[in-house]
1. Of the residues in the stretch 512-565, how many are modelled with pLDDT under 90, under 30 Å from L476 (Cα atoms) and out of contact with any His (no Cβ under 9 Å at 6 or more places or on another chain)?
2. Only one of (1) surrounded by fewer than 20 Cβ atoms within 10 Å (Cβ to Cβ); (2) closer than 28 Å to V472 by Cβ fails for S45. Which number is that?
3. Being under 30 Å from L431 (Cβ atoms), crowded, with 24+ Cβ neighbours inside 10 Å, touching a Phe, Trp or Tyr at 6+ places or on another chain (Cβ under 8 Å) and of a type outside the set (A, V, I, L, M) is the filter here; which residues of the stretch 485-504 pass it?
4. Do you know which residues across the stretch 364-382 are under 22 Å from Y469 (Cα atoms), in contact (Cβ under 8 Å) with a residue 60 or more places away in the chain and either out of contact with any helix residue (DSSP H, G or I) (no Cβ under 8 Å at 6 or more places or on another chain) or not hydroxyl-bearing (S, T, Y) (or both)?
5. Which one is nearest to D519 (Cα to Cα) among residues in the stretch 325-345 that are in contact (Cβ under 8 Å) with a residue 24 or more places away in the chain and among the charged types (D, E, K, R)?
6. I need the helices (runs of 4 or more DSSP H) fully contained in the stretch 1-71, keeping only those with at least 2 residues that are more than 30 Å from S279 (Cβ to Cβ) and out of contact with any Phe, Trp or Tyr (no Cβ under 6 Å at 6 or more places or on another chain).
7. Please indicate, with yes or no, whether at least one residue in the stretch 10-23 is in contact with a strand residue (DSSP E or B) (Cβ under 7 Å, 6 or more places away or on another chain), over 30 Å from I283 (Cα atoms) and hydroxyl-bearing (S, T, Y).
8. Mind checking whether some residue in the stretch 484-491 is of a type in the set (S, T, Y), closer than 26 Å to I556 by Cα and out of contact with any Gly (no Cβ under 7 Å at 6 or more places or on another chain)?
Amino acid sequence: MSHPSDWETVCARRKRAQYESIPPGWIIPALPENQLNVMDVPRQSGLLDDLEMEITETVDVQIILDKLRLAKWSSVQVTTAFYKRAIIAQQLTNCLTEIFVDRALERARELDEHLARTGKVVGPLHGLPISLKDQFTMKGLETIMGYAKWIGRYAESDCVLVEILYECGAVPFVRTNVPQTLMWGETMNHVFGRTLNPYNIAFTPGGSSGGEGALIAMKGSCLGVGTDIGGSLRIPSAFCGLYTLRPSYARLPYAGAKNALEGQESISSVLGPMSNSLSGIKIFTKAILDAEPWLKDPVVLRKGWSESEYQLAHHGNGGQLCFAIMWDNGVVKPHPPLHRAMEITKKALEAAGHKVIKWEPHRHLEIYKNAETIFAADGGHDYRQQCEGAEPLIQTMSPSTDSHANALDEPLVKGLVGEPYHRTAYELWELHAEKRELRKSHLDYWRATVDQTGTGRPIDAIISPAVAYTAVPHGLNTDSFYTTLCNALDYTCSVFPVTFVDPELDDPHPPHRFYNHEDEHIYKLYNSELFPGCPVALQLIGGTQEEEAVIRMTEIVAEALDRMH
């Protein structure tokens, strides 16, 4: 594959322009040295005044919206506070791409003036700064999406999501980093570089929405939007201790946003919210659905927010729910902190009066192989085409220096899919037919659990790891099947934080019969002393098109966990 000799200069020039877009007064005087956890640096930096600290430390999005609506805080104040903290996060974790301070503050001023003049808010997100993954086009801004070839490509219009956010009164204020090709569970590209996890900067924040994960974890944004085709919302949310929602295909509007593998429609990428609060997840989802997005995006289902589904009308009205825990997916066994998180969640739910049973995996390797073969059906043509003549295609997320000795060069997925191969249209159709059969088989298997629940219904949701481990050193995130399962089956799901790694509680790590070489690799990776303080999160899996119910069930789980603390 050819690329110009000056590609590094081109990327460095764009990265320098990004730095020059930062207001000088927002630069941290001295970055911390030899400090892995940088979560407290915003407080210690001296760059945020008391009000800015109060605003950015307010986790509940509803509280922020209420203060904006009542003019107790102005949108300029809130946007400035989060922008300054986002810039601090950028200097520590390299989480941003597009920085457009003047444009965002002008929007905030317009909203403040409207409220002062009319006494009314513009919409349900009035004055709220929202961060966006670097796929969501905004008129007049570049959408580079991790590709050197895309430097200088300015959007001529807003994507549909941005149009709706403006109508809802929001203030899009930063865009966040992604990996080259998007199809990585980590975040690094040649243009903007590598994004770091603020809980441990030697670790990955996940991907491909890793910029959002790092930014929101550092409270540089209260609400952001990422995307997910194999776990790209849930992996960074799990690694960074956030809440998220992976909706089903065609529920939220993707039109106009950029993507990798465009035209691949068997397993669709979806967008979803990420936040430090569940209120942010619900508020975003309801606001977008109430805006009737199907009028702007022809793919979106004509299905507005359903309050009865949120009240769990199809799940016994939320009385006694029955959850199934997937302790192990039969492909990779989770590390001890994930097992402890599942034990904690089981006890909390049972204490709250709900039932918990064991989930036995159903045809997982077949589903995994089918999904990954669909993703690779073009033999990598899309990635090579985007890099051709501009930059090298990234082959590994391992650092070039100080790379971890335990990097897995041949993850299981490569063995399942085999050598890169362009499949014919007919071969792709065969994969699609197989996927339909697998989805039907899994649905029937789920429905048959009615015999085990005692509620008169099948299980209401599955609880499982989102990833088999917590955040790991750069280059070591290989397993995504706990998440990819849901993309292949199009199950709506969420991620919720449970606890943090505790070396005293998360040992020992008893050996087991390995399922495959990746399972063995991940077992050997674990050392409780390596991960102390990392967030531990789980995934809640509901049925297809069950966004409202999944949000409510996640609230019920979070409330049960809170009562246990």
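The values are calculated or read from the model by the stated rules, or taken from the named source; none is laboratory data. Computed from a prediction, not measured in an experiment: that's the story for all the values here. All Cβ positions, even for glycine, are placed from backbone atoms using ideal geometry, and neighbour counts span all protein chains on display.
1. Initial filter on the stretch 512-565 (modelled with pLDDT under 90): 527-530, 564-565.
This time we only want the ones that are under 30 Å from L476 (Cα atoms), so: 527-530.
In the following step, the residues that additionally are out of contact with any His (no Cβ under 9 Å at 6 or more places or on another chain) were identified as 529-530.
Residues flagged as modelled with pLDDT under 90, under 30 Å from L476 (Cα atoms) and out of contact with any His (no Cβ under 9 Å at 6 or more places or on another chain) within the stretch 512-565 amount to 2.
2. Among (1) surrounded by fewer than 20 Cβ atoms within 10 Å (Cβ to Cβ); (2) closer than 28 Å to V472 by Cβ, the lone unmet condition for S45 is (1).
3. Result: S494, single match.
4. Within the stretch 364-382, H364, I367, A371, E372 meet the criteria.
5. First, pick out the residues of the stretch 325-345 that are in contact (Cβ under 8 Å) with a residue 24 or more places away in the chain: 325-338, 340-342, 344-345.
Remaining after also requiring among the charged types (D, E, K, R): 328, 333, 340.
Details: D328: 11, K333: 6, R340: 19 Å.
If we take residues in the stretch 325-345 being in contact (Cβ under 8 Å) with a residue 24 or more places away in the chain and among the charged types (D, E, K, R), then K333 is nearest to D519 (Cα to Cα).
6. Details: elements: 7-20, 41-44, 50-56, 61-69.
Counting at least 2 such residues, we get 7-20.
7. Checked against the condition, which is being in contact with a strand residue (DSSP E or B) (Cβ under 7 Å, 6 or more places away or on another chain), over 30 Å from I283 (Cα atoms) and hydroxyl-bearing (S, T, Y), the stretch 10-23 yields at least one hit.
8. Taking the stretch 484-491 and keeping what is of a type in the set (S, T, Y), we get 484, 491.
Now drop any that are not closer than 26 Å to I556 by Cα, which leaves 484, 491.
If we keep only those that are out of contact with any Gly (no Cβ under 7 Å at 6 or more places or on another chain) too, we end up with none.
No: zero hits.
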